[in-house]
Amino acid sequence: MENKMSRRNFIGKSAVVGAAALLSNVPIISNAAKKAQAKTVVSGKTKVAIVGTGSRGTNMWGKTVINGYADMVEYVGLCDKNPGRLEAAKKYMGASCKTYIDFDTMLKECKPDILIVTTMDSTHDEFIIKGLNAGCNILTEKPMTTDEVKCQTILDAQKRSGKEVIVTFNYRYSPHRAKIWDLINSGEIGDVTSVDFHWYLDTSHGADYFRRWHRKREFGGSLWVHKASHHFDLLGWWLNSEPEEVFAYGNLEFYGKNGKQRGTNCRNCSHKDNCDFYWDVNKNDYYKMLYTDNERHDGYLRDGCVFKEDIDIFDKMCASIKYANGVQVAYSLTAYSPYEGYRIAFNGTKGRIDAWIQESNPTHDGEYDEIMVTRNFGKRNYIRVPQSEGHGGGDKLMHDKIWRNVTEDPFKQSANIRDGAFAILTGVAARRSCDSGKPVKIADLTDLVPKAKK
Ligand SMILES: NC(=O)c1ccc[n+]([C@@H]2O[C@H](COP(=O)([O-])OP(=O)(O)OC[C@H]3O[C@@H](n4cnc5c(N)ncnc54)[C@H](O)[C@@H]3O)[C@@H](O)[C@H]2O)c1
């Protein structure tokens, strides 16, 4: 009910009809809400501004939206603290709006209906809160924020504003994962009682987290928050429950101080001829245009050494998580695997669902992903879900839901502020448990009390 109310507010107070597309759980727009919209419609398009014009901002939330949804969306402002990257981003996206170094000025001048937040994780709270206070609805990239104190201030600001915060958990939208949701929720294996969930980042994509700002806890909250919050969101969504308690271990034993040799960054490194992790960032025109051409403005090195001594995040992690509905989860994340992907199994009272994805070095021809359903005392069935571009076709589905008037949400894929909060709080609890050696109750972190949804 609380959720539905906040979604209605979003429609009622939003300046343009296009914003209604964000309200995917609300099938009917009330007459009062329609009148409120009619009064404030300016251009007929949703006015959108972005803060953070790095790779996520310029592609997923920039070029893709301008190319595919220009009839619904008008970009009114772009902001980034790096002036060179900002101008390069504007050109790359094909945007014609104004650019700003100063966020407050952008908000004041552009008055966006929706603010998209795609900055470094630890800064999301500042922009979400300022945006809410200025009357914007917010689309924020995951993780919503990086610690429990910032999380509480976002929750409070959202409540005060009556505006909506959507966390763009695109992983929910892959057809393979939606099929798993469907199988669980149609009772195929009875009640789910426990889950085995193991995620592998490879020595290319996984290593990349150790090159960039993500390598420091203070910027990305560690991979428990930056990366695993995606996985914790999936668990809460599949299981229809919020997490109650977490116990975890973590260690850094491959990257960082563990390397035998190191430099500052790959381009200037004396070990480039004998390092498995040597990477020439300038071979990628897009990265060169966005990052290395603009290093002089902020000193940010996109190709930092994965063996830098200042790396303070874990590269192997495991956790036991108990959910409010009694489900127990055994989770792990490894950041130096020879292949990228995951394995998951749901144990239920009537059977078991197994699923796996291997994104690099795939074991089959890449046309489909499989799910194996085994009934107790019964047969084993294999379900094949066709693959497509962009997280299995999920990215386009999420964009259509957000920007077009797609109101159905049969798999409950829209993620609201509460979902965003529980996803990061699971990671925060795991991080705290690694530090303290003790289990952490999620209810001790903010004023949110975990609930089973069904
Ligand atoms: N959903 C997904 O699958 C997914 C994938 C990649 C990234 N992301 C998220 O998107 C966000 C951006 O990631 P990215 O890969 O684009 O990073 P990035 O480093 O390429 O871009 C971040 C941008 O924010 C700017 N910035 C940082 N602090 C700022 C501040 N205080 N004021 C103004 N600008 C500031 C930087 O200059 C940079 O241009 C992160 O939160 C990340 O977790 C999500």
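Values in this text are rule-based calculations from the coordinates and carry no lab data. All values reported here derive from a predicted model rather than from experimental measurement. Positions of Cβ are generated from backbone atoms using ideal geometry, with glycine treated the same way; all protein chains shown enter the neighbour counts.
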Charge dipole (the chain, unit charges on Cβ, about Cα centre) - positive-most of I66, G390, Y171: I66
Working out 0.36 nm times the residue gap between Y249 and K216, then minus their Cα-Cα distance, what length gain in nm do you get to one decimal? 10.1 nm
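Can you tell me the dipole magnitude for the chain around its Cα centre, using point charges on the Cβ only (Lys, Arg +1; Asp, Glu -1), in Debye to the nearest 20?
The dipole magnitude comes to about 1040 debye.
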What distance in nm separates the simple spin-label points at E389 and R267, each placed 7 Å from Cα in the Cβ direction? 2.9 nm
What distance in nm separates the simple spin-label points at K453 and A70, each placed 7 Å from Cα in the Cβ direction? 3.6 nm
Order by protection proxy (mean Cβ within 10 Å, highest first), peptides 281-290, 209-218: 209-218, 281-290
Under 20 Å from a label point 7 Å along Cα→Cβ of D444: give me every residue in the stretch 132-173 with its amide N that close. 146-153
Where does the chain land on Rg(C-alpha)/(2.2 N^0.38 Å)? 0.97
For the chain, the charge dipole (Cβ of Lys, Arg +1; Cβ of Asp, Glu -1; about the Cα centre) points to a positive end, and the Cα of G131, G437, G54 closest to that extreme belongs to G131
When the helices in the chain are scored as -39500 (n - 2.57) per DSSP H run of 4 or longer and the sum is shared across all residues, what 222 nm value do you end up with, to the nearest 500 deg cm²/dmol? -9500 deg cm²/dmol
How much length would be gained if the chain were fully extended between D104 and S436, taking 0.36 nm per residue of separation minus their Cα-Cα distance, in nm to one decimal? 115.6 nm
Taking the Cα centre of the stretch 348-454 as origin, work out the dipole magnitude from +1 charges on Lys and Arg Cβ and -1 charges on Asp and Glu Cβ, in debye rounded to 20. 780 debye
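What are the DSSP H helices in the chain that stretch 18 Å or more along their long axis, judged by alpha-carbon atoms, and whose average Kyte-Doolittle hydropathy comes to at least -0.5?
Sorted by number, the helices that extend far enough and score high enough are 417-436.
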Cα gyration tensor shape for the stretch 301-454, rounded if a/c is under 1.5, else prolate or oblate: rounded
Between K91 and D285, what is the spin-label point distance in nm, taking each point 7 Å from the Cα along the Cα→C-beta axis? 1.2 nm
Ranked highest first by the average count of other Cβ atoms within 10 Å around their residues, in what order do 423-436, 322-335, 247-260 fall? 423-436, 322-335, 247-260
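Using R₀ = 60 Å, calculate the FRET efficiency as 1/(1 + (r/R₀)^6) where r is the Cβ-Cβ separation of Y278 and F377; round to 0.05.
Numbers: r = 54 Å, r/R0 = 0.91.
FRET efficiency, Y278 to F377: 0.65.
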Given axes a ≥ b ≥ c from the Cα gyration tensor, I'd like to know whether the stretch 301-362 is rounded (a/c under 1.5), prolate (a/b larger than b/c) or oblate. oblate
Determine the alpha carbon to alpha carbon distance for each of K63/K396; K90/K288; K179/K412; K159/K322; K130/K150; K63/K98 and list only those over 19 Å. K159/K322
